[in-house]
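Report on one structure; see the data block that follows.
What follows is calculated from the coordinates using simple rules that are stated; it is not laboratory data. On a predicted model such as this, the values are computed, not experimentally measured, just so you know. No Cβ is skipped: glycine too gets one built from the backbone with ideal geometry, and neighbour counts run over all protein chains shown.
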Amino acid sequence: MSYLGNNNLPWDISRSSPIPTDAERFSGNSSTTTFTLTRSVNFATDLEVFVENIQQEPITAYTVNGNSVVFTEAPPTGTNNVYVVYRNYQSGAQVSLPDGSITYSKLANNIRVFTTDNYTANGNVSSYGLSESPADANTVFVTVDGVVQRAPAHYTTSGSTITFTSAPPFSANVHIRHLGFRTTSTITVLAANSTISQPNIVAPTITGTLSISGSILPTANTTYDLGSSSFRWSNIYTGDLHLSNEGKVDGNMVDGTKGNWTVQEGEQSLFLINNITGKKYRFAIEEIQ
């Protein structure tokens with residue numbers, strides 16, 4: 001049988017991929033229900049299917065699964081009696097957008113808002129941690145008290161660390177702006193009991209609420225403080241309060257002994273449990289209002 005017209009869909013001839021055909025034929029054998037296509041399709045309606053020149057109804061007579069067309073009943077035996085026409089082809093599609101059609105608001109945040117890191121120098125530290133690992137030293141814009149620094153004369157980068165050739169002066173404002181599009185984000189899951197350290201780097205300041213799913217543990221027992229005599233927490237919201245000085249070298253400042261106590265809440269009273277002796281006590285509470 002002869003055909004008129006072009007049997008190829010429009011295609012970019014500059015591509016290395018072979019030009020796809022717009023139709024295929026298969027031979028039924030009265031038992032095969034699945035036939036492999038040369039192209040993947042997404043929906044049954046992306047195809048027009050004919051068996052013995054009779055058009056089949058999508059979904060009812062056949063479905064598709066990637067590169068396969070699956071019939072609900074096997075087509076009868078015949079030579080090239082199954083005819084499949086591609087109505088839609090989505091893989092490899094390319095679209096040319098007019099100049100200026102992509103506006104600022106259409107861009108993802110990670111390519112329109114550049115990350116910045118700010119530090120206040122202490123006069124001794126020359127290395128600082130960066131919130132992102134730059135591609136190289138020239139993809140960050142660095143100033144010290146507003147004076148532009150030049151790589152590699154004034155600084156170098158290695159991974160997520162920037163190192164100055166000489167430590168910025170005391171109280172100087174170190175400003176680092178990451179330049180260029182950021183297209184990937186790396187999330188690293190730390191194993192249990194992992195230790196995070198920042199040698200020779202000024203401690204970072206976190207602004208806002210920090211939510212943590214899990215426990216915060218110090219790396220040493222009875223060594224580090226939560227707050228200080230100059231910087232105290234305003235309020236502490238907690239459940240039971242567990243107190244112990246057993247990890248200290250010396251006991252308390254009154255009688256020199258060590259203890260392990262738990263404060264628990266009751267409906268009308270506060271209770272104190274001695275975890276060493278197992279004895280339980282109730283606080284004497286006086287109502288004043």
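Data for the structure
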quantity	calculated
Largest-first ellipsoid semi-axes for segment 222-289, taking √(5λ) over the Cα gyration tensor eigenvalues, angstrom	24, 20, 12
Estimated FRET transfer efficiency when R0 is 41 angstrom, pair Phe170-Glu265 (beta carbons, to 0.05)	0.25
Proximal lysines relative to Lys280, as straight alpha-carbon distance under 26 Å, when same-chain residues fewer than 8 apart are discounted	Lys248, Lys258
Net length gained if the chain between Glu52 and Ser213 were fully extended (0.36 nm per residue, minus Cα distance)	51.6 nm
Protection-proxy order for peptides 32-38, 238-244, each taking the mean of Cβ atoms within 10 Å per residue, highest first	32-38, 238-244
Other-chain or far-sequence residues with amide H under 5 Å of Val125's (modelled H)	none
Cβ crowding within 10 Å averaged over residues, with 114-120, 225-231 ranked highest first	114-120, 225-231
Residues with amide H under 5 Å from that of Leu130, placed H, sequence gap 5 or more	Thr161, Ile162
Under Karplus coefficients 6.51, -1.76 and 1.60, residue-wise ³J(HN,Hα) of segment 274-289 in Hz, glycine/proline x	8, 6, 8, 8, x, 6, 10, 9, 10, 5, 7, 10, 10, 7, 10, 8
For Asp22, residues with placed amide H under 5 Å, excluding near neighbours	Leu9
